[in-house]
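What follows is a short report on a single structure.
The values are calculated or read from the model by the stated rules, or taken from the named source; none is laboratory data. Since the structure is predicted, the reported quantities are computational estimates derived from the model, not experimental observations. Glycine gets a Cβ as well: all are built from the backbone with ideal geometry, and neighbour counts include every protein chain shown. Keep in mind that these areas ignore ligands, DNA and RNA; they rest on the heavy atoms of the full protein, side chains included. Shrake-Rupley method; radii C 1.70, N 1.55, O 1.52, S 1.80 Å.
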Amino acid sequence: MILKKMFSRAWLFTTLLAFVGTALCIRLGIWQLDRLKQRREFNAQVISMRNAEMLNLNKNVPADIFSMEWRAVTVTGEYDFENQVILRNQYNGDQYGFHLITPLLFSGKAVLVDRGWIPADGNSAPARDAWRKYDEAGLVNVTGQIRLGQEKPAFGGVADAEFSPAQPRLDAWYNLNLARISEQSPYPILSVYVQPNANENDVAPPIPSQPTLDLTEGPHFGYALQWFTFAAILFIGYPFLLRK
């Protein structure tokens, strides 16, 4: 009797809405479980790398270094200021500026180092000569962590311009695309970059920074339960509604 009423002409559209709503709630619940899985995998990666011993790039550059994001790393070499670039839209507190991204040459190899924040000083993209006051000549030791670049802009972000004969290189980037930056460099660059450790007493640009990571599982499991509950209410409660 209920089934007949559910699929009658008077209730067919409402029944379809109930089924679509149920399917949507189930899909959203599964999506939250997928997010939970990704969160757990990310947490496991960070914890695993933070428990690993510090990697000395001067002694060894593993072939699978791309899989070692968040691992502690140290490297000694000399900066190549002629081939450094800046990363746009970076903030130090509420101050707008850029991050200096500089190749570090070591043991016949090169790795990009995010040396930290510099002020914009009213410029949308300061000229290369304006960066030279932040040069650190000579041998330097950098200690920090391994990070991966960003090939595509985040949602709502800005894509970088393509290379062209009129613009064979970019000095100011929206995304830290290591592969593309390597294309405009006179030598190969590692597929990772180094983010130096931050010092809260360091107030002279360039100022290194480290992201604050939340290693909890977040609200995803609770959200999944909510969506599955909504699906059950629609699927089971709809026939009771018709019976009344």
Quiz item: Taking the stretch 24-37 only, how many residues are open to solvent by less than 30 Å² (accessible area, probe 1.4 Å) and either touching a His at 6+ places or on another chain (Cβ under 8 Å) or small (Gly, Ala, Ser) (or both)?
Solution: 3
Quiz prompt | Test for residue 40: is it in contact with an Asp or Glu (Cβ under 8 Å, 6 or more places away or on another chain), open to solvent by 70 Å² or more (accessible area, probe 1.4 Å), within 28 Å of residue 153 (Cα to Cα) and not small (Gly, Ala, Ser) | solution = yes
Practice problem: Assess whether residue 50 counts as being assigned to a helix (DSSP H, G or I) and surrounded by 13 or more Cβ atoms within 10 Å (Cβ to Cβ). | Solution: yes
Quiz item: Restricting attention to the stretch 142-163, does a residue exist that is of a type in the set (Ser, Thr, Tyr) and in contact with a Leu (Cβ under 8 Å, 6 or more places away or on another chain)?
Solution: no
Quiz prompt | Single condition residue 143 does not satisfy, out of (1) over 21 Å from the mean Cα position of the chain (by Cα); (2) of a type in the set (Ser, Thr, Tyr); (3) modelled with pLDDT of 95 or more | solution = (1)
Quiz item: Taking residue 74, is it farther than 30 Å from residue 185 by Cβ, β-branched (Val, Ile, Thr) and touching a residue at least 12 places away in the same chain (Cβ under 8 Å)?
Solution: no
Quiz item: Of all residues in the stretch 57-75, which are open to solvent by 50 Å² or more (accessible area, probe 1.4 Å) and farther than 28 Å from residue 132 by Cα?
Solution: 59, 60, 63, 64, 66, 67
Quiz item: Just for the stretch 76-89: of the residues that are surrounded by 18 or more Cβ atoms within 10 Å (Cβ to Cβ) and among the β-branched types (Val, Ile, Thr), which one is nearest to the chain's Cα centre (by Cα)?
Solution: 86
Exercise. Please indicate, with yes or no, whether at least one residue in the stretch 223-237 is in a loop (DSSP other than H, G, I, E, B) and more than 26 Å from the chain's Cα centre (by Cα).
Key: no
Quiz item: In the stretch 191-207, how many residues are assigned to a loop (DSSP other than H, G, I, E, B) and within 17 Å of residue 149 (Cβ to Cβ)?
Solution: 2
Quiz item: Counting only residues that are small (Gly, Ala, Ser) and open to solvent by less than 50 Å² (accessible area, probe 1.4 Å), how many does the stretch 185-208 have?
Solution: 1
Practice problem: Please work out which one of (1) of a type outside the set (D, E, K, R); (2) at pLDDT below 95; (3) within 19 Å of residue 147 (Cα to Cα) is the condition residue 112 fails and give its number. | Solution: (2)
